[in-house]
1. Any residue at all in the stretch 12-20 that's over 20 Å from the mean Cα position of the chain (by Cα) and either at pLDDT 95 or above or at negative phi (or both)?
2. Out of (1) buried (at least 16 other Cβ atoms within 10 Å of the Cβ); (2) not in a helix (DSSP H, G or I), the odd one out for residue 109 is which?
3. When you scan the stretch 268-308, how many residues do you find that are surrounded by fewer than 16 Cβ atoms within 10 Å (Cβ to Cβ), over 23 Å from residue 25 (Cβ atoms) and in contact with a helix residue (DSSP H, G or I) (Cβ under 8 Å, 6 or more places away or on another chain)?
4. How about the stretch 214-290: which helices (runs of 4 or more DSSP H) wholly inside it have at least 1 residues that are under 22 Å from residue 143 (Cβ atoms) and within 20 Å of the chain's Cα centre (by Cα)?
5. Can you tell me which residue is farthest from residue 203 (Cα to Cα) among those in the stretch 141-163 that are crowded, with 18+ Cβ neighbours inside 10 Å and either without any contact (Cβ under 8 Å) to a residue 60 or more places away in the chain or out of contact with any strand residue (DSSP E or B) (no Cβ under 9 Å at 6 or more places or on another chain) (or both)?
6. If I filter the stretch 168-182 for residues that are over 30 Å from residue 106 (Cβ atoms) and either part of a helix (DSSP H, G or I) or in contact with a helix residue (DSSP H, G or I) (Cβ under 7 Å, 6 or more places away or on another chain) (or both), do I get at least one hit?
7. Quick check on this structure: which one of 63, 11 is in a helix (DSSP H, G or I), surrounded by 17 or more Cβ atoms within 10 Å (Cβ to Cβ) and assigned by TED's automatic domain parsing to the domain that holds residue 286?
């Protein structure tokens with residue numbers, strides 16, 4: 001199974017559409033609970049989006065890089081290509097952060113970010129896939145989860161601002177993070193340095209899932225997904241789900257659901273022949289993500305978003321459906337706008353890759 005899977009593009013595209021939906025409400029003051037990140041502990045549907053992306057990164061490595069390795073490509077060449085791609089992903093993330101810091105002016109440049117984490121996870125998972133055995137992947141998964149658990153426990157608390165994760169990010173990045181407590185000077189970043197270690201496991205889980213998918217070993221894939229969900233749920237009674245800290249229970253919970261979602265998409269699209277809904281978003285995920293982020297740099301500070309939301313959605317939806325529905329309507333329209341763009345790009349065979 002070396003051909004491109006429509007089901008994987010569909011899963012990536014659905015995940016991308018969900019990211020746009022939850023990242024771009026009409027107003028952050030009125031959002032349905034499941035369309036917002038957990039305040040701290042817990043896991044909403046929104047919290048699943050980013051781990052799904054990291055899982056898909058691993059699946060893509062199994063389907064794109066491993067076949068070339070098996071066909072005789074030089075490991076050094078594949079490794080260098082993967083590292084260069086990872087650097088381009090990180091660089092784009094920094095450019096988007098720089099744009100956000102530049103407009104409106106007066107903000108510090110944030111160093112961590114979503115694309116930065118994706119780049120690091122892609123680099124580590126690619127190197128392990130190219131240079132090591134599958135047994136090593138499993139050892140890495142266990143070592144990262146166990147080691148990170150030990151670090152969290154050594155920190156003494158999982159409270160915001162006071163965890164070892166926040167202390168490390170404050171020491172490494174200083175003020176160049178997502179959030180600073182104005183009263184205490186403490187800092188926090190949901191995509192920080194230390195919490196990237198367990199995030200690598202999501203991509204390694206996807207790497208293993210992609211290998212099983214290529215081999216058509218669907219039973220182990222299903223068992224692994226169910227086992228990860230159950231183990232994550234059990235682990236959460238000790239160390240709770242927490243996306244900001246990317247706790248081990250959160251890793252297993254999200255990796256398990258991503259595995260089951262991949263299996264369901266494969267069965268529906270590639271086996272049963274269902275249309276690959278979301279494929280166009282999946283083929284141009286970078287374009288949709290980067291473009292939507294730039295729109296969020298421009299629209300809110302200029303007041304255009306408030307005007308569009310108030311006149312186009314809140315003024316007529318809120319009186320009968322409530323502010324949450326009006327805010328969701330704007331988000332759906334935002335997703336539809338970007339679907340038109342990626343549809344147009346797909347029609348003209350335009351695909352932006354890093």
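The values are calculated or read from the model by the stated rules, or taken from the named source; none is laboratory data. No experiment lies behind these values; they were computed from the predicted model shown. Positions of Cβ are generated from backbone atoms using ideal geometry, with glycine treated the same way; all protein chains shown enter the neighbour counts.
1. no
2. For residue 109, the failing item is (1).
3. Result for the stretch 268-308: 2.
4. Counting at least 1 such residues, we get 218-235, 248-265.
5. Residue satisfying both the conditions and the ranking: 155.
6. no
7. 11
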